[in-house]
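Each remark here refers to the structure printed beneath this line.
FYI, it's all coordinate maths here, none of it is from the lab. Fair warning: this is a prediction, and the values are worked out from it, not measured in the lab. Cβ placement follows ideal geometry from the backbone for every residue including glycine, while neighbour counts extend to all protein chains displayed.
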């Protein structure tokens, strides 16, 4: 439930913008260890999702914080990515990513290290 977008809780319908919201939730959790609006109280969590401002810890970089604010925008029409993935790809957080290299699959698939068999 911590991953629900505000528009789902409000039962306002949803579109592709919701996927970008969930991407923001996942990125936030990867950077901090917890979803941004988590609460043990379900109603409080839903209220946080629909009304509370996202709090970015000080140890999160400025670019990471900026993309999190933009992805976790409560309004799906102004949320980063609502007009296409190009908005996200151009964000300063991804400035070092060569998207052409990604598209042409120039990177090997990451493989977890093999554990020795005992």
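Ordered by the number of other Cβ atoms lying within 10 Å of each residue's own Cβ, fewest first, 9, 102 fall into the sequence 102, 9. Here the calculated FRET efficiency for residue 77 and residue 117, from their Cβ-Cβ distance with R0 = 41 Å, stands at 0.15, rounded to the nearest 0.05. Per-residue Cβ neighbour counts within 10 Å put 89, 22, 30 in the sequence 30, 89, 22, beginning with the fewest.
Measuring nothing but how far apart in sequence close Cα pairs (under 8 Å, 6+ apart) lie, relative to its length, the chain scores a relative contact order of 25 percent.
Dividing the mean sequence gap of close Cα pairs (under 8 Å, 6+ apart) by how many residues segment 1-58 holds gives a relative contact order of 38 percent.
I need the shape label for segment 1-68. Rule: rounded when a/c is under 1.5, else prolate if a/b > b/c, else oblate, with a, b, c from the alpha carbon gyration tensor. It is oblate, given that a/c is not under 1.5 and a/b is not larger than b/c.
Obtain the nm distance between the two label points defined at residue 51 and residue 107 by a simple spin-label model: each point lies 7 Å from its Cα along the Cα-to-C-beta direction. Each label point lies 7 Å from its Cα, and together they span 4.0 nm.
Dividing the Cα radius of gyration of segment 40-118 by 2.2 N^0.38 Å, with N the residue count, gives 1.56.
Counting 0.36 nm for each residue step from residue 98 to residue 22 and taking away their Cα separation leaves a gain of 25.0 nm. Helical runs assigned H by DSSP (4 residues or longer) give the chain a calculated mean residue ellipticity at 222 nm of -12000 deg cm²/dmol, each run adding -39500 (n - 2.57) before division by the residue total. Were the residues from residue 69 through residue 90 laid out at 0.36 nm apart, the gain over their Cα-Cα distance would be 6.0 nm. Going from the residue with the fewest nearby Cβ atoms within 10 Å to the one with the most, 59, 21 rank 59, 21.
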